[in-house]
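Student: Below is a structure I'd like to ask you about.
The values are calculated or read from the model by the stated rules, or taken from the named source; none is laboratory data. Computed from a predicted structure; not experimentally measured. Here the Cβ is made from the backbone with ideal geometry for all residues, glycine too, and neighbour counts use every protein chain on show. In case anyone asks, the SASA skips ligands and DNA or RNA and just uses the protein heavy atoms, side chains included. Shrake-Rupley method; radii C 1.70, N 1.55, O 1.52, S 1.80 Å.
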Amino acid sequence: MALEIDVITLFPAMIRAPLGESIPARIQERGLAEIRVHDLREWGLGRHSSVDDYTYGGGAGMVLRPEPVAAALAHVRRPDSTVILLDPGGERFGQARAHDLAGRTHLVFVCPRYEGVDERIRSMVDLEVSIGDYVLTGGELPALVIIDAVIRLLPGAIDAESTTEESFATGLLEYPQYTRPATFEGHPVPPILVSGDHGAVRRWRLKESLRRTLRLRPDLIADRPLTRDEARLLAEVRLEEAAAGDDDVAPG
Ligand code: ADE
């Protein structure tokens, strides 16, 4: 059964165009996800289909009114819906939430524009999500980021091995990968990768995953329990890094 997604936005073209290309387009063509985009202005108020207004108490900028959002949600919401408001103050989006959303049946994204939303809109949603500590001009790009991260996890969307081995899925960054040529500008491919010894390749990849994670995202290692094999390889990595005089990585 397809994951159904409704997006409520004042700029439908901003959502449609990126999802009409490449892998997201293929995922929809193959019926794994069904994405519908709605123009919030359809539920705007009065002759000008107004969706925003000045803020009570005074202050700069316009605020999204609650009635158009309520009417749009009345149109799309079902008992199984998860309604998500994009907001820089929301929960920080990550791979765990992407997996969680990929397991649901109906997602609704509310993309605010303007300076913010009427506070009463918050009680209409199940989840407020941010894609990072910076402020964008609206919720469209965050909605796209989340939709992209979620639909690629749907069963059959992409090669299962890609999503089980990639960065974060294992709690570690991905190991280095190489393709042709065998030597590029004097840099050869690590010989073990062309040795044909699958066990050795697996160990090398795990070790290099640990090395890369230790260098770039030591917080991920600190937060993650290690198997005995991982702990042993990590100890080797720490010794090698210390011997190489890398001051960034403390020997364990
Ligand atoms: N709207 C504006 N900035 C945002 C962000 N960083 N995440 C989610 N929604 C937003």
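Student: Carbon and sulfur: what percent of the stretch 160-252's accessible surface (1.4 Å probe)?
Tutor: Answer for the stretch 160-252: carbon and sulfur cover 53 percent of the accessible area.
Student: Can I ask one more? Sort all Cα-Cα distances of the stretch 160-252 into consecutive 10 angstrom bins from zero, then give the percent of pairs in each bin up to the one containing the longest distance.
Tutor: Reading the bins upward from 0: 15, 43, 35, 7.
Student: Whole-Hz Karplus ³J(HN,Hα) for the stretch 151-165, in order, using 6.51 cos²θ - 1.76 cosθ + 1.60 and θ = phi - 60°, x for Gly and Pro?
Tutor: 5, 5, 8, 5, x, x, 5, 9, 2, 4, 4, 4, 7, 8, 9
Student: How much length would be gained if the chain were fully extended between R26 and E240, taking 0.36 nm per residue of separation minus their Cα-Cα distance, in nm to one decimal?
Tutor: Here the answer is 72.6 nm.
Student: Something else now. Would you mind checking which residues have amide H under 5 Å from G116's amide H? H placed 1.01 Å from N; only 5 or more apart, or other chain.
Tutor: Those lying under 5 Å, H to H, from G116 are L64.
Student: In addition: Calculate, for D219 and S123, the FRET efficiency according to 1/(1 + (r/R0)^6) with r their C-beta to C-beta distance and R0 35 Å; round to the nearest 0.05.
Tutor: 0.55
Student: Please report the relative contact order for the stretch 3-158, taking Cα pairs under 8 Å with a sequence separation of at least 6, and give it as a percent rounded to a whole number.
Tutor: It comes to 30 percent, rounded to a whole number.
Student: Given the options H198, L173, V237, identify the residue whose Cα lies farthest towards the positive end of the charge dipole of the stretch 160-252 (+1 on Cβ of Lys, Arg; -1 on Cβ of Asp, Glu).
Tutor: H198
Student: Using a 1.4 Å probe, what is the accessible area per residue for the chain, in Å²?
Tutor: That works out to 57 Å² per residue.
Student: About the Cα centre of the chain, what is the dipole size in debye to 20, counting +1 per Lys and Arg Cβ and -1 per Asp and Glu Cβ, all else neutral?
Tutor: 420
Student: How long is the stretch 3-158 along each principal axis, judged by its Cα atoms, biggest number first, in Å?
Tutor: Taking the Cα atoms of the stretch 3-158, the three principal extents are 51, 33, 29 Å.
Student: Would you look at the GNM of the chain, springs on alpha carbons closer than 10 Å, and say which of L101, L45, L32 moves the most?
Tutor: Highest fluctuation among the options: L45.
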